[in-house]
1. Could you give the accessible area per residue of the stretch 26-97, probe 1.4 Å, as a whole number in Å²?
2. Please state the shape class of the stretch 26-95: rounded when a/c is under 1.5, otherwise prolate if a/b exceeds b/c and oblate if not, all from the C-alpha gyration tensor.
3. Multiply the residue gap between Lys42 and Thr7 by 0.36 nm, knock off their C-alpha separation, and tell me the result in nm, one decimal place.
4. Might you work out the accessible area of Ile91 for me, using a 1.4 Å probe with all protein chains in place, and round it to the nearest 10 Å²?
5. If Arg19, Arg52 are ordered by their accessible area, calculated over protein heavy atoms with a 1.4 Å probe, which sequence runs from highest to lowest?
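The values are calculated or read from the model by the stated rules, or taken from the named source; none is laboratory data. From a predicted model like this one, the values you see are computed outputs, not experimental measurements. These area figures cover heavy atoms from the full protein model, side chains too; ligands, DNA and RNA do not enter into them. Shrake-Rupley method; radii C 1.70, N 1.55, O 1.52, S 1.80 Å.
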Amino acid sequence: RHKEETTGVIYIFRDITQRKKNEFQLKEYTEKLEWLVEKKAKEIIESEAKLRVIFDLSPDAIFVLDPNGNIVNCNQAALKMSGYSSKTELIGTNGIESIEKKKVSRLWPSCREWLHPAVIILRWPVRKSSPNLRPSPAQSV
């Protein structure tokens, strides 16, 4: 029998300094990005809350329509103007069919052309003295 002896050892070294620097930098970037996303999310929530207050408390009737003219949201002034007592009754109805086609026929095709498929907001001032509804400029959201 032959006895095995260790006659030498081979050590292999690899410099991982750059890899560790990259890992550290990646961790820093990740933390900064998470902070920025959280900050932006808070800003969006605050902005949305402000817009919600303006929308809800506006004295003008505001109807939010989808590209087919169906009402997807409205404010209290819109409920009052339309005679509905709750949003659930009004949402889903076709806002374009509710208004005299003659009054909307010129406005709606142009809205669909430049806003489609965005949600459309049309504003009608609530004026008790005037039964004629005249939409003001539309905005997309």
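1. Here the per-residue accessible area is 69 Å².
2. prolate
3. Going from the current span to full extension adds 6.0 nm.
4. Its accessible surface works out to 70 Å², give or take rounding.
5. Arg19, Arg52
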